[in-house]
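Just so it is clear, none of the values below were taken in a lab; they were calculated from the coordinates. These numbers were taken from a predicted model, which means no experiment stands behind them. Glycine gets a Cβ as well: all are built from the backbone with ideal geometry, and neighbour counts include every protein chain shown.
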Amino acid sequence: MAWNEWEQLKAEALQRQQGSAHMQLNQLDGGGPPKPSEYGDLKVANDALTKIGSVAFELYDQLWDKARVSVPSSDSAAADLSKQGFALGAGLKHVSNRWEEQLKSLMDACAHISNHMRVTKKVHDGDEGYIQRQMSSIALLDAGFDERVGAPGEKNPIYGEPSKKKDE
């Protein structure tokens, strides 16, 4: 593409942008970005994480079983063609090597996604349990100090019955 043509395309794009209304993200009318309290909560269900991880694992398995099959046969064909003096043998070997590199990269990505979803699910479960434990202990503590739970001067029933000591 010639430089003048590039400059012309940029100028046309700028005119289209100025001539029509366009959207600007994270911007309120007359103000800056929204406050963190206005973003909302990120909600991810554990079953969604599990499904993503499972699909990535299945794809990894399919790539392992089906996509690797052609590499050994391509390599032997490339070697055979090269022995016979055909230049095509080197080209086929190059294609085979690139295929193997790209396949390994894709399989690594699938494994990474699968493992990451598994770890994310475990961390999310752990966080949920921690938050629930903290909230329940706060509620118990609040109830212990709340005068409305029991009559003034009486023992607060939230603590249960006192344990009886064995006679020594």
Rank-order 125-133, 46-54 by packing density, defined as the average count of other C-beta atoms within 10 Å over each peptide's residues, highest first. 46-54, 125-133
Sort 106-119, 3-16, 80-93 by packing, meaning the average of other beta carbons within 10 Å per residue, with the highest value first. 106-119, 80-93, 3-16
